[in-house]
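The values are calculated or read from the model by the stated rules, or taken from the named source; none is laboratory data. Keep in mind the model is a prediction, meaning the values are calculated, not measured. Note: ideal-geometry Cβ built from the backbone for every residue, glycine included; neighbour counts use all protein chains shown. All accessible areas refer to the heavy atoms of the entire protein, side chains included, with ligands and DNA or RNA removed. Shrake-Rupley method; radii C 1.70, N 1.55, O 1.52, S 1.80 Å.
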Amino acid sequence: MRAEDNVAIVANDGGLPPGTVLPDGAPGAGLVLRDKVPQGHKLALRDIAEGEVVLRYGVPIGYALKAIPAGRWVHERLLQMPAARALEGLPIATVKPPAAEPLTGYTFEGYRNRDGSVGTRNILAITTTVQCVAGVVAQAVARIKAELLPHYPNVDDVIGLEHSYGCGVAIDAPDAVIPIRTLRNISLNPNFGGEVMVVSLGCEKLQPARLLPPGSFPITDERGELDTVCLQDDAHVGFMSMLDDIVGSARPHLARLNARRRETVPASELVVGVQCGGSDAFSGVTANPAVGFCADLLVRAGATIMFSENTEVRDAVEQLTSRAATPEVADAIIRELGWYDRYLDRGRVDRSANTTPGNKAGGLSNIAEKAMGSIIKSGSSAISHVLAPGEKLRPDQRGLVYAATPASDFICGTLQLAAGMNLHIFTTGRGTPYGLAECPVVKVATRTDLARRWHDLKDINAGRIADGEATIEETGWEMFRLLLDVASGRRKTWAEHWKLHNSLVLFNPAPVT
C-alpha cells in the first residue's frame with residue numbers, strides 16, 4: 001500500500017502456493033514464497049527481525065513475535081498488536097484540506113417533508129414503545145399491507161419499528177437517554193414523511209409521552225395529539241379488536257403519504273451513512289477507498305455523509321483529530337472516543353475483541369490493521385460535526401460528520417437512521433445479506449470473487465479495482481451516480497428487491513433491571 005511497507009497482500013483468487021516467484025512490477029519482485037498465502041493475506045517483502053515493526057498503509061499494524069523471513073505468510077499469530085494511541089497530545093485541526101471545487105447541477109427525485117428534510121422513500125413507520133407489542137404490530141402490518149396498501153400506490157412500504165427496549169430497564173439511569181432519543185429520532189427519520197404513529201402496551205416504563213413528548217414531533221392527528229394505540233385500553237376486547245384499531249389508525253397516515261409526490265431536489269439533500277461489515281484485507285484497498293472518493297464528491301455537492309464505528313477508528317484517532325474543521329470538533333471526537341473507552345473498560349473488554357474470525361480469515365490480523373482500512377471510507381474532507389449516539393443532525397450540520405456509534409452493523413445502522421440517514425452504503429469482503437427496511441442500502445463487494453458468487457446481493461463490484469479493470473475514482477463516480485438513481489426510486493438495491501431487512505438494535509449502555 002505504501003513504499004515503506006514491509007508486507008503486501010496477495011490479490012489472486014485462491015491465494016498463491018509456496019514456490020511462487022513474484023513477478024516483475026509486483027512488490028518484492030523476484031521473491032519466492034515460502035508458504036501458501038491465502039487471498040488477502042500478507043507476505044513478508046523482506047526479512048523482519050523479532051520485535052521489529054510490521055508496516056502496512058505506512059503505519060505499524062504489529063510487532064513481530066519472532067523473526068519472519070522474506071516470503072513467509074504473515075498472520076495474526078506472528079504479530080503483537082500495538083498499543084492504542086493515547087487520547088492526550090493529539091494533533092488538533094492541523095490538516096486543512098484544500099478547498100474543493102463545488103459539484104453543482106446534480107439532483108435526485110425525493111420527497112420534501114414539512115420540516116425541510118427530504119426522504120428517498122415514502123414509508124409509514126409504526127413506532128413501538130416496548131418489545132411486548134411486537135407480535136401484534138407484525139400481524140397488523142401484514143394486514144395493512146394486504147388490505148390497505150394496494151389502495152395507496154404512492155406509499156412504498158409499511159413497517160413496524162421493533163426493538164428490545166422499553167421495559168425491564170433502568171429507565172432513569174443517565175445513559176438511558178441514548179436508547180430513548182435513538183428511538184425518538186428514528187421515528188422522525190426523513191423517509192417516514194413526518195407521519196408519527198405509536199403502538200404501546202400500557203404498563204411499560206417507556207410511556208409514549210416520554211418517548212415523544214409534546215413539541216418533539218409534527219402534529220398530524222386531527223385531535224392535535226400523538227396518535228397512539230394502547231393495547232391495554234379497556235376498549236380492546238379480543239385480539240382482533242387490537243388489530244382493527246391499529247389498521248384503522250393507519251388509514252389517515254397512509255392517505256397523507258399517498259398524496260405526496262417526488263420532486264426534483266439538489267444532491268445536497270442526501271444524508272448518506274457509510275459502514276463496513278464482514279471486512280477483509282481488500283476493504284481498505286478497493287471498496288472503502290472508492291466510498292471515500294464518493295464521500296468527497298458528496299461533500300462537494302453540499303450533501304451530508306456520516307461515518308462511524310468507534311472501535312474501527314480508535315486506532316487512527318490522530319487522523320480524525322487532525323482533520324477536524326475546528327478545535328471544538330476535535331475535542332468532541334476525543335470526548336466520544338474517551339466515553340467509549342470507558343464503556344469498554346466497564347465491560348472488561350478492549351478493542352482487540354472487535355476483529356472476528358471472518359475478518360482474520362479475510363487477512364485482517366487485528367483491529368489496528370482493520371482501522372486503517374476502515375477510516376478511509378471517510379474520504380479526505382474536513383470533519384465538520386460530531387454526533388453522540390442517538391443524536392439527530394440539525395439542518396445546518398452538513399458535510400462530513402462523525403456519528404459516534406459502536407461497530408456492530410445493526411447498532412451502527414440503527415444509530416445512523418436516528419441521525420437522519422436517508423441512504424446507506426455498506427461495504428463487505430466476506431459477504432453479508434445486511435439490509436434495512438427504513439432506507440435503501442447500497443451493497444459494495446470488495447472482491448470480484450464475492451461479487452461473482454453473490455451476484456444478486458451486491459450492487460457494486462469494487463473488486464474490479466484490484467483486478468486492474470477500474471480505478472478508485474471510476475468506482476467512486478459509479479457509486480455517486482447509483483446513489484442518485486436509488487434515491488430517486490429509479491433503481492432498487494438488491495436488498496430492497498429481496499426485502500432483506502435486519503432488526504433495529506438500540507444501543508443501551510444503562511443497566512437492565
Can you tell me how many residues within the stretch 35-91 are over 11 Å from N366 (Cβ atoms), in a strand (DSSP E or B) and of a type in the set (S, T, N, Q)?
0
Any chance the stretch 300-318 includes a residue that's among the basic types (K, R), within 18 Å of T446 (Cα to Cα) and either more than 20 Å from the chain's Cα centre (by Cα) or open to solvent by 20 Å² or more (accessible area, probe 1.4 Å) (or both)?
no
Applying the selection to the stretch 88-144, what residues are of a type in the set (S, T, N, Q), open to solvent by 20 Å² or more (accessible area, probe 1.4 Å) and under 24 Å from L393 (Cα atoms)?
T104, T107, S117
Starting from the stretch 339-355, take each residue that is free of Cβ contacts under 8 Å to residues at least 40 places away in the same chain and closer than 17 Å to I178 by Cα and list its partners that are of a type in the set (K, R) and open to solvent by 50 Å² or more (accessible area, probe 1.4 Å), counting only C-beta distances under 8 angstrom and pairs at least six apart or across chains.
none
Unmet requirement for L45, which otherwise passes all of (1) out of contact with any Pro (no Cβ under 6 Å at 6 or more places or on another chain); (2) surrounded by 16 or more Cβ atoms within 10 Å (Cβ to Cβ):
(1)
Among L212, L149, which is more than 26 Å from G273 (Cβ to Cβ) and either surrounded by 16 or more Cβ atoms within 10 Å (Cβ to Cβ) or touching a Lys or Arg at 6+ places or on another chain (Cβ under 6 Å) (or both)?
L149
Quick one: which helices (runs of 4 or more DSSP H) sit completely within the stretch 431-506 and have at least 2 residues that are more than 25 Å from S408 (Cα to Cα) and among the hydrophobic types (A, V, I, L, M, F, W, C)?
463-466, 472-487
Looking across the stretch 419-477 at residues that are free of Cβ contacts under 8 Å to residues at least 60 places away in the same chain and touching a Gly at 6+ places or on another chain (Cβ under 7 Å), the single one that is surrounded by the fewest Cβ atoms within 10 Å (Cβ to Cβ) is W454
Name the residue that is nearest to S117 (Cα to Cα), counting only residues in the stretch 215-237 that are open to solvent by less than 30 Å² (accessible area, probe 1.4 Å) and modelled with pLDDT under 90.
F217
Scanning the stretch 152-203 for residues that are of a type in the set (S, T, Y) and in a helix (DSSP H, G or I), which turns out surrounded by the most Cβ atoms within 10 Å (Cβ to Cβ)?
T182
Tally the residues that are more than 21 Å from the chain's Cα centre (by Cα) and in a helix (DSSP H, G or I), restricting the search to the stretch 319-328.
3
